[in-house]
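What follows draws every value from the coordinates through simple rules; no lab data is involved. It should be emphasised that the depicted structure is a prediction, and the values quoted were computed from it without experimental measurement. No Cβ is skipped: glycine too gets one built from the backbone with ideal geometry, and neighbour counts run over all protein chains shown.
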Amino acid sequence: MSEYVLSVGMEVHAELRTESKMFCRCPVAFGGMPNTRVCPVCLGLPGTLPVPNRAAVQMVLRTALALNCQVPAHSVFHRKNYFYPDLPKGYQVSQYGETNPIGYYGYLEIPKLDGTTKRIKIRRVHLEEDTGKLLHLPGGGSGVDYNRAGVPLMEIVTDFPPDIEDPDEAKEYLVQLRQTLLYLGVCDGKMEEGSLRCEPNISVRLAGAETYGTKTELKNLNSFRAVQLGCMFEKKRQSELLEGGSKVVQETRGWNEQTESSFLMRVKESEQDYRYFPDPDLIPMEFTPEQIEAERAALPELPLAKSTRYQKDLGLSPYDAGVLTADRAWAEFFESAIGQGGDAKQVCNWMNGDFAKLLNEAGETALTSGEATVGKTSKVRPGHIVELTKLIEAGTISGKIAKEVFGDMFTSGSMPSELVKSKGLTQISDPAEVLAVCEEVVRENAGQAEQYRAGKEGLFGFFVGQVMKKTQGRANPALVQESLKKALETQ
Ligand SMILES: [Zn+2]
């Protein structure tokens, strides 16, 4: 079979985390009874006038700047006209044109496996409104739920020719984009609830060919894995069609999660004419250079930049840095611990190891400071972990005991030093005391000691185990090694 190369363009829709809808004051939420969050404006009743949501505009501006986009001085809302019941007005408010959207000509960097990064060009970041949802009624027929109609929606589209050339890059682009949106606080990123939706345009062409192949659009992808598998599946399907002498048809395809395959939804016969025109009810948005610079200056450090800094300045591995920066709150917890004098590598190990595991089991989230407002939060704060690592470093407790202390402090919220004191867990580092225990163990196991001295050196581990058992794991391991040898040789 000839070699075919993949090209993927990505269209991502992100519902913005605003309190209210784009042009009215209806609340934004997920689920609930159909048509309970609607009003004359978002139902498109005659005589109503839209009022743009300032917070939504600001969120898109923030995203555009984080994605290194240019921002126009004026940005206009257009009406995209089409008739379908999910749109009560008969049009969707969107943004049209090459340099009219709030952001255009930007890029997002994604990490590559070899430690370098790749730049994925972004063509546009624009603001529009979401549509309602069609529901199939149990008794037959269809209904429409307009709760989602008018929710502020941001669309982020990659540039052409596509930079994404394999399924892993497609997935990584979405991972990075989602993390960026979460860091910016503009979207909750819940793919399973549809607040982040991704539609890749996929085509293949013969390696070396200059013209791009006919593309298909994949819909209903609601996980990173589905995006990756979808691209793999389409590459194979399209390559086989071409190899067999057939053509790829421009069509929209759905994704079946169970069979991990795509299926035909509809063939795109011609580009639909949406008769875009500027919405006469909405005045153009204006962005002054001062406003743009102020917004740019307020951007947080983004996940990839943070991860690179952790690797460069703190000596963490790409994996560790990636795990720590995947979530903004997690990274803040880590930075707070470092700020309190914690050793980066030690803090990282406890966080990504025991702490992450316990949080997951308890269904809790980590909190850096202050009081939580939602969900279950852990009692363990950065200061707990710093103190624990210091106790190990100072030789007060062994690493094994520290694990036990971690579990206790996770449940009780007590400081590790208090737990060590109240439970008598301090490491035994007095050479005379350790030697005494070792001598006792050797006396009690005279037979094994004889065998050891006769050359059965493998028995040494047995003696170490006995000493640890007697001291409940509190004996300093290095001292045990030293003292045991002494005890075995002298008795
Ligand atoms: Zn409304």
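Structure notes:
- Radius of gyration, Dmax [the chain; alpha carbons; angstrom]: 30.2, 101
- The Cα-based radius of gyration and maximum Cα-Cα distance (Dmax) for segment 105-149 are 20.1, 56 Å.
- Descending principal axes extents, segment 21-178, alpha-carbon based, whole Å: 54, 41, 26
- The Rg/Rh ratio for segment 301-423, using Cα coordinates for both the radius of gyration and the Kirkwood hydrodynamic radius, is 0.96.
- Mean separation of Cα pairs under 8 Å and 6 or more residues apart, divided by the residue count, gives segment 250-331 a relative contact order of 15 percent.
- Charge dipole (the chain, unit charges on Cβ, about Cα centre) - positive-most of Gly395, Ile428, Ile122: Ile428
- Too-long pairs where the Cα-Cα distance tops 31 Å, listed order kept, from Lys112/Lys403; Lys235/Lys268; Lys21/Lys376; Lys89/Lys376; Lys80/Lys215; Lys376/Lys470: Lys112/Lys403; Lys89/Lys376; Lys376/Lys470
- Note: relative contact order over segment 301-423, using C-alpha pairs below 8 Å and six or more positions apart, is 20 percent.
- DSSP assigns beta bridges within segment 4-291; of those with both partners inside it, close to 95 percent run antiparallel.
- For the chain, the longest principal axis of the C-alpha atoms and the axis of helix 328-339 are separated by about 40°.
- Cα gyration tensor shape of segment 109-243, rounded if a/c is under 1.5, else prolate or oblate by comparing a/b with b/c: oblate
- For segment 224-361: rounded, prolate or oblate by the Cα gyration tensor [a/c cutoff 1.5]: oblate
- Between the Cα long axis of helix 431-444 and the first principal axis of the chain there is an angle of about 70°, rounded to the nearest 10.
- Contact order relative to length of the chain, as percent, for alpha carbon pairs under 8 angstrom and 6 or more apart: 13 percent
- Two-decimal ratio, segment 431-490, of alpha-carbon radius of gyration to 2.2 N^0.38 Å: 0.98
- Whether segment 221-283 is rounded, prolate or oblate, judged on the alpha carbon gyration tensor where a/c under 1.5 counts as rounded: oblate
- Cα-based helix-to-principal-axis angle, 167-184 vs the chain, degrees rounded to 10: 90 degrees
- Full-stretch length increase - Gln451, Thr99 - with 0.36 nm per residue and alpha-carbon distance subtracted: 118.3 nm
- Mean Cβ count within 10 Å, highest first, over the residues of peptides 254-261, 134-141, 316-323: 316-323, 254-261, 134-141
- Summing +1 for each Lys or Arg and -1 for each Asp or Glu among the other residues whose beta-carbon sits under 13 angstrom from that of Thr131 gives -1.
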